[in-house]
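No lab work stands behind these numbers, since they all come straight from the coordinates. Everything quoted here is computed from the prediction, not taken from an experiment. Please note: Cβ atoms are built from the backbone with ideal geometry, for glycine as well, and neighbour counts cover all protein chains shown.
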């Protein structure tokens, strides 16, 4: 998630994906937000909406020598 300055303060355990007719629509940092998007799409008449998720893993930090 991010602060007002867009700094990441926490990383979600999963990314949640919204699909329409089996095609990627959007991705979200929580199941709650993905479900809200699904509800918005259904409100506009989209019927074939599904959710999926994938875990996020964080590796060791690597120094960026090009910055």
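A few points about this structure:
Residue-by-condition table, conditions (1) loosely packed, with under 12 Cβ neighbours inside 10 Å; (2) touching a helix residue (DSSP H, G or I) at 6+ places or on another chain (Cβ under 6 Å):
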{"residue": "11", "(1), (2)": "yes, no"}
{"residue": "33", "(1), (2)": "no, no"}
{"residue": "36", "(1), (2)": "no, no"}
{"residue": "46", "(1), (2)": "no, no"}
{"residue": "51", "(1), (2)": "no, yes"}
{"residue": "67", "(1), (2)": "yes, no"}
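- Restricted to segment 13-24, and to residues there that are farther than 15 Å from residue 54 by Cα and touching a residue at least 12 places away in the same chain (Cβ under 8 Å), the residue that is surrounded by the fewest Cβ atoms within 10 Å (Cβ to Cβ) is 22.
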